[in-house]
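**Student:** The structure that follows is given in the form of structure tokens.
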Amino acid sequence: MARRKRGRTAKNARKNQTNAEPEEIVKAPHSFVINRGKLGKNANELLLNFRKIMEPFTAAHLKVKKVNVLKDFVNIAGLFNVTHLVIFTKSKNAMYLRFTKLPHGPTLTFQIKEYSLVSDVISSQKKSVMYEKLFEHHPLLVLNNFKGEGMHFKLMATMFQNMFPSINVNKINLNTIRRCLLLNYNEDKTIELRQYAIKVIPTGMSKAVKKLIQNKVPNLSQYEDIGDFLQKSGNLSESEVEMDTPANTVILPQPISSRGNITSEKSAIRLYEIGPRIKMQLVKIEEGLMSGEILFHEYLSKTPEEIEAIKAKIKAKKHLKEQRQAQQKKNVEKKKAVKESKKNDDAYKNNNDVNEEDEVAEDLEWYRQEVGEEPDESIVPILKKRKASFSREKPRKRVKFSENAKQDSRKIQGEKKKFFNGGKKEKTFGKFQKTREGKFSKHSKFASSKQNRNNFSRKRK
């Protein structure tokens, strides 16, 4: 049997079935981190660091071009299950960070007061914790001191919470929690953003025992026996003793991949900052996507009358936009109707032409059968004339030349005349011609003969 061929659509459908994402990943909030306008070297690096925070549910290698508009990202967002848009902008006065909920808003605008990059934070530490698996799972979000009066507190809290997947305490796997994102609201109305790496370390044992448990080979050259190494005092530094307090010690309910940690035993949770650091302040909250009614503003306050006037302007703009869209739809429908009517008229004409030709052919057949002879030449041209009249060939259009084209053609004709006169520079004035000597003569041949006679008479004298 012949092998059955499969088209591209079938192959693509099979690929999508095999590589389909699970529902948990599809329903998780995704984000785009982009910039609008020029930022500079350090600000661009901050943008890349913020993408690290939002991993793995963000486009880590997204390239933003000058040609791209905000609508481009909004249109693509639905295809990639993107729910939030993070935008970095920079002006002469300050740098701004915007969080928007797609596709209809709201939009929160923050002014960045201070920031430190990941490279700066790591270089200032003695011991840094950075590895590849750290960014395989989303961070654990911690909101501190977001309990204030006002609508903007609730909007900020809900925006930050919805940017990261929710956690089910009963079903979560502890090995997936490797990072922590802290947002702290201060009294001076600023928000501090910090990112930490989470590390679980066993407690209740000396530093030497921890090294052996964690598969770290110690240097035993100074000791005669391993017992001396284990019994030696001062193996645990004061800083480590201070870090392991009842506040950060927990009993592990699940096994963890790190060495030395046993289930139902005490372990200490330590945080190592990995950056970046951002200090920002809320400036404005807009109802729509980068536009619409302003729900909150830090520096501007308006009276109820001014707010109503702004609302009326926004409604008038929306109404005008709807009217234009309706008018455009009507115009498109009219054009479609005109095209369809033209098509119907052409089809009707073609049918009539075919019917007339068939009638003429039937008349000629009837004439042959009844008379028994071929029709005369006076009858045959009727069919030919009708065929010629109903032919679909369009007559050629007459081309109209502009005045410049006419002048160019006249110049070309004048050059042709000069070329065909044998290279002589002569100007014609009606019947008379101007010779090289500048004299006019009615006939150039007779003029040349008269000159010869005059020359001969002079020589004779």
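**Student:** Across segment 23-34, what is the total count of residues that are surrounded by fewer than 16 Cβ atoms within 10 Å (Cβ to Cβ) and in contact with a Leu (Cβ under 7 Å, 6 or more places away or on another chain)? Don't jump to the end; show me each part of the working.
**Tutor:** Initial filter on segment 23-34 (surrounded by fewer than 16 Cβ atoms within 10 Å (Cβ to Cβ)): 23-27.
Narrowing further to those that are in contact with a Leu (Cβ under 7 Å, 6 or more places away or on another chain): none.
Here the count works out to 0.
**Student:** Would you pick out the residues in segment 83-106 that are closer than 23 Å to residue 40 by Cβ and touching a residue at least 24 places away in the same chain (Cβ under 8 Å)? It would help to see each step written out before you state the result.
**Tutor:** Residues of segment 83-106 closer than 23 Å to residue 40 by Cβ: 85-100.
Correct list: 85, 86, 87, 88, 89, 90, 95, 96, 97, 98, 99, 100.
**Student:** How many residues, within segment 128-144, are at pLDDT 90 or above and either open to solvent by 70 Å² or more (accessible area, probe 1.4 Å) or in a loop (DSSP other than H, G, I, E, B) (or both)?
**Tutor:** Counting residues in segment 128-144 that are at pLDDT 90 or above and either open to solvent by 70 Å² or more (accessible area, probe 1.4 Å) or in a loop (DSSP other than H, G, I, E, B) (or both) gives 5.
**Student:** Scan segment 151-160 and tell me whether some residue there is within 17 Å of residue 50 (Cβ to Cβ), open to solvent by 60 Å² or more (accessible area, probe 1.4 Å) and not acidic (Asp, Glu).
**Tutor:** No; the residues of segment 151-160 include none that is within 17 Å of residue 50 (Cβ to Cβ), open to solvent by 60 Å² or more (accessible area, probe 1.4 Å) and not acidic (Asp, Glu).
**Student:** Scan (1) open to solvent by less than 50 Å² (accessible area, probe 1.4 Å); (2) modelled with pLDDT of 85 or more for the single condition residue 335 breaks and write down its number.
**Tutor:** The single condition residue 335 does not satisfy is (1).
**Student:** Identify, from the list 35, 42, 49, the residue that is in contact with a Gly (Cβ under 8 Å, 6 or more places away or on another chain), over 18 Å from residue 159 (Cα atoms) and in contact (Cβ under 8 Å) with a residue 40 or more places away in the chain. Explain how you work it out, then say what you get.
**Tutor:** Details: 35 fails: in contact with a Gly (Cβ under 8 Å, 6 or more places away or on another chain); 42 fails: in contact with a Gly (Cβ under 8 Å, 6 or more places away or on another chain).
Only one candidate qualifies: 49.
**Student:** Okay, moving on. For segment 166-223, enumerate the residues that are of a type outside the set (Lys, Arg), modelled with pLDDT of 90 or more, open to solvent by 80 Å² or more (accessible area, probe 1.4 Å) and in contact with a strand residue (DSSP E or B) (Cβ under 9 Å, 6 or more places away or on another chain).
**Tutor:** 188
**Student:** Another question about this same structure. Helices (runs of 4 or more DSSP H) wholly in segment 1-102 with at least 1 residues that are modelled with pLDDT of 90 or more - which ones?
**Tutor:** Details: elements: 8-18, 23-27, 41-54, 70-77.
Filter on segment 1-102 gives 41-54, 70-77.
**Student:** Can I ask one more? Of everything in segment 250-283, what is assigned to a strand (DSSP E or B), open to solvent by less than 50 Å² (accessible area, probe 1.4 Å) and either touching a Leu at 6+ places or on another chain (Cβ under 8 Å) or under 21 Å from residue 196 (Cβ atoms) (or both)? Give them in sequence order.
**Tutor:** Within segment 250-283, 267, 268, 270, 272, 273, 278, 280, 282 qualify.
**Student:** Just name the residue that is modelled with the lowest pLDDT out of those in segment 298-307 that are assigned to a helix (DSSP H, G or I) and surrounded by 10 or more Cβ atoms within 10 Å (Cβ to Cβ).
**Tutor:** Restricting attention to segment 298-307, the residues satisfying the condition of being assigned to a helix (DSSP H, G or I) are 304-307.
With surrounded by 10 or more Cβ atoms within 10 Å (Cβ to Cβ) added as a condition, the list becomes 306-307.
Details: 306: 84, 307: 80.
Among them, the one singled out is 307.
The values are calculated or read from the model by the stated rules, or taken from the named source; none is laboratory data. Computed from a predicted structure; not experimentally measured. All Cβ positions, glycine included, derive from the backbone under ideal geometry; neighbour counts span all protein chains shown. Areas reflect the complete protein model, heavy atoms only, side chains present, ligands, DNA and RNA absent. Shrake-Rupley method; radii C 1.70, N 1.55, O 1.52, S 1.80 Å.
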